[in-house]
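Here's the structure we're looking at; comments come further down.
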Amino acid sequence: MPSYSRTVHIPGKTSQELYDTVSAEIGRLISKYSLGNYGITRNPEKKEVSLKSSIFSATLFCDEGVLRLDGQLSFMAVPFRTKIDEGINRWLEKTFNISVRS
């Protein structure tokens, strides 16, 4: 599966603040899209949230002032990469009140 990575700087947010927000919001965000069955695994000690579905798998890493996403897209999802970026950008801008460009 093709890889997908993003790093977004969110100044002034601690890793714990980022993890708490991502952990609480990720289910609501993912449920807006037709992804079929998916699973979410939260790891508060490492401040990571992992997602897995039939069309993608990804882990969000919450560091001091930085959100990093490393994942794999299925070949069916690759044509929608721009839409994925746009959806992530909208969520980041709304949630953290920042301007994001991928």
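Before anything else, pin down the relative contact order of the range 39-102: Cα pairs under 8 Å, at least 6 apart, normalised by residue count, whole percent. Mind dumping the intermediate values first?
Details: 69 pairs, mean separation 11.6, N = 64.
Taking the mean separation of contacting Cα pairs over the length of the range 39-102, I get 18 percent.
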Tilt relative to the chain, helix 81-96 - C-alpha long axis, 0 to 90 degrees, to 10: 20 degrees
Lysines whose Cα lies under 20 Å from that of Lys46, excluding same-chain neighbours fewer than 8 positions away: Lys13
Nearest 10 degrees, 0 to 90: helix 15-31 Cα axis against the chain principal axis: 30 degrees
Those lysines that a straight Cα-Cα span of less than 22 Å connects to Lys52, excepting residues fewer than 8 apart in one chain: Lys32, Lys83
Rg [Å, one decimal], Dmax [Å, integer] - the chain, C-alpha atoms: 12.9, 37
Three-way shape call for the range 46-102 based on the alpha-carbon gyration tensor, with the a/c threshold at 1.5: oblate
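Values in this text are rule-based calculations from the coordinates and carry no lab data. Just so it is clear, the model here is predicted, and its values are computed rather than measured.
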